Structures are given as structure tokens and as C-alpha cells.
Amino acid sequence: MKHSRANNIPWWRRLLCSRLMLAINLVLIGFVGWSLSNEVAQGRKVSSDLNDLQTRIADLQKQNQDYGGILSQLDSPGFVDREARLKLGYQKPGEQVLLLEDGTATQVVNGASAPDGTSGLSDPQKWWRYFFGAP
């Protein structure tokens, strides 16, 4: 009679309780665990990369603001006027220039004298020197 009782178990129940099904389930659980661990590692790497990029963006934005401040200084009329006076020897009409060299004062009236020795040059020559250096 014991033998007839084993035959009364449905085939699907016998399949679920078999060692083959246990092995298949273990392989599937292992595969899912491995896939999950790979996804978690990739998610952490993406998060780390995102944080690095956000830090770099913040640094570049700060650098851009610094450059904007420098650019606004360079575009100011006072800076342009100062550079024209120092490097090109320009002066306003009626203005007198006083040059101090080695503790002695020299006054230049209505001349385009500059500390860099461009006093006898025409304006185009001064601009040429300013942009390209002495010919």
C-alpha cells in the first residue's frame, strides 16, 4: 500500500519537490543576486561620477564669474584710459604730463612722450608696437 500512496501524488508536486528543481532554483537565485550586485555597483559609480561633475560645474561657474569680473574691469573706460596713457603716451588736450625717472622730474608739454620711448612715433606706429612689439 505504501507503493500506491506515492502514485497518488500529482506530477507537478513531485517536480517541485525534486532535487533537479532545487538545483535550478539555486542557480536562478544566484544569477539574480549577481545581477543585483552589479546594478548596485554601477549605480554607486554613476552617483560618484555625478557628484564629481557637479563639483566641476561649480568650480567652472566660479571661474567664469571671476573672468567676468576681470573682463568688466578691462572694459571700463578708466582702464582703457590708463593703458592708453601708460603704454601709448596719450594725454588729453591741454593736459601736462610729468614724468618721474630716477628721482628727477621732467615736464612734457603737448608731446606724446611715454616712459617706454615711443615719444617720436606716430599713432599707427604706436599701435603697431602695442600689438606686435617693436619693429
Quiz item: Around T55, what is the net charge, scoring Lys/Arg as +1 and Asp/Glu as -1 over all other residues with Cβ under 14 Å from its Cβ?
Solution: -1
Quiz item: Taking H as built 1.01 Å from N, whose amide H comes closer than 5 Å to the amide H of Q91, not counting residues under 5 places away?
Solution: none
Exercise. Quick one: which residues, 5 or more positions from V97 or on another chain, have an amide H under 5 Å from its amide H? H modelled 1.01 Å from N in the peptide plane, none for Pro or chain starts.
Key: V108, N110
Quiz item: Within the range 1-101, which GluC sites (Glu not before Pro) sit in a loop by DSSP and count at most 14 neighbouring Cβ atoms inside 10 Å?
Solution: E95
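Throughout, read-outs are computed from the coordinates displayed, never taken from laboratory work. Please read these numbers as outputs of a predicted model, since none were measured by experiment. Ideal geometry is used to build each Cβ from the backbone, glycine not excepted, and the neighbour counts take in all protein chains shown.
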